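One structure below.
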Amino acid sequence: MDKIQTLKTSARSLGLIHTRDALDEVIHTAETEQHSYLDFLTYVFDGEILYRQNKARDKRIKEAGFPYPKYLKDFDLTFCKVISKKQFKQLTELTWIDGLYNLILSGPPGVGKTHLAIGLGYQACEDGYKVSYTTMQSLIKVLRTEEIDRHAGVKLRRIRSSNLLIIDEVGYLPISATEGNLFFQLISELQERTSIVITTNKGFEEWTEFLGDAALATAILDRLSYQCDKIPMNGKSYRLENRKSFLNETGKDK
Ligand code: ADP
Ligand code: MG
C-alpha cells in the first residue's frame, strides 16, 4: 500500500472521514502553498470541524421534518407590514428559544405564517437547535397512536427532546375532547423545556370552538401565553397579490 493509502486507512480508523476523502487535495494544497506544520494541521482540523458541523446541521434539518424549505432571507418585510424591522431582527436572532418563549402567528391564509415559521425553524437548525415541525393534524394523529405505532413514538420522542416545536395550521380542523386533552398534556409537558411556534387561522376567542371545550381552551392558552409573543398577521394574501400564471396575458384563442 502506498503512503497515501495507508494514511487514508488511518484517517478512517480515527473517524476523520472528511480528511480521508480530501486527503489528496489536502496534501496537494499543503505542498503547493508550502504550509508550515502549524498551518497544515490547522487546515486539516478546520476542514474536519467544518465538515462535521455541516453534516450535523443537515441532519438537524432533515430530521426536523419540514414539508419544504423556506428561508428568512426570502421573507419580504415590505409585504408583511405588521412586523417591524426591529421585531424581525429580534425574532431571527432566536434568543427567545433560549428563554423558552412561544410565538403565535395568526391570520388568514396566504399571509406568510408558514413561511415565517419554517424560516425560523431553518435558522434554528443552522444555529444548532433541535427543531421539530408538524401540522396540528399530524400531531394529533401521532398523539393518538403513540402506543401502537412505532413511527408515532419516534416522532413524539423527537418532539419532546426538541428546543423548538413548530405546530402549523392549528384550528383548521375541529378536534375531539380526547384529542384536546392529549394536546393539552403535551403543551404542559413541553412548557419548561421547549419553545413552541404556532400558526393558526383562528383568533383566541375561536379556540373554544375548535377545541369544543371552553375550560380546555383556556387551560391550553394559559400555558401557551405565559411567555409568548402573539403576532396577528392580518394582511393580504401574498399568493393572491403575487398570483403567477403560465399563460401569456395575450394568449387567448386567436
Ligand atoms: P400562510 O401559512 O399564512 O397561509 P404561507 O406562509 O404559506 O401563508 O405563504 C403563502 C405563499 O406566499 C408562500 O409561497 C410564501 O413563501 C409566500 N409569502 C407569504 N408572505 C410572504 C412574504 N412576506 N415574503 C415573501 N413570501 C411570502
Ligand atoms: Mg400555512
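The values are calculated or read from the model by the stated rules, or taken from the named source; none is laboratory data. Since the structure is predicted, the reported quantities are computational estimates derived from the model, not experimental observations. Every residue, glycine among them, receives a Cβ derived from its backbone with ideal geometry; neighbour counts consider all protein chains shown. When the accessible area is computed, the model is the full protein with side chains, heavy atoms only, and any ligands, DNA or RNA have been set aside. Shrake-Rupley method; radii C 1.70, N 1.55, O 1.52, S 1.80 Å.
Descriptive notes on the structure:
- Checking each residue in region 71-106 for being in contact with a Gly (Cβ under 9 Å, 6 or more places away or on another chain), under 18 Å from Ile166 (Cα atoms) and more than 6 Å from ligand 1 (Cβ to nearest atom) picks out Tyr71, Leu72, Thr92, Leu105, Ser106.
- Exactly one residue out of Leu100, Leu120, Leu116 is open to solvent by less than 50 Å² (accessible area, probe 1.4 Å), out of contact with any helix residue (DSSP H, G or I) (no Cβ under 6 Å at 6 or more places or on another chain) and assigned to a loop (DSSP other than H, G, I, E, B): that is Leu100.
- Answer residue from region 198-225, given it is small (Gly, Ala, Ser) and at negative phi and is nearest to the chain's Cα centre (by Cα) among those: Ser225
- Cβ pairs under 7 Å, 6+ apart, first in region 147-171 and closer than 14 Å to Ala124 by Cβ, second within 16 Å of ligand 1 (Cβ to nearest atom) and outside any strand (DSSP E or B): Leu164/Gly121; Ile166/Ala117; Ile166/Gly121
- Residue in region 200-223 that is within 16 Å of ligand 1 (Cβ to nearest atom) and either free of Cβ contacts under 8 Å to residues at least 24 places away in the same chain or aliphatic (A, V, I, L, M) (or both) present: no
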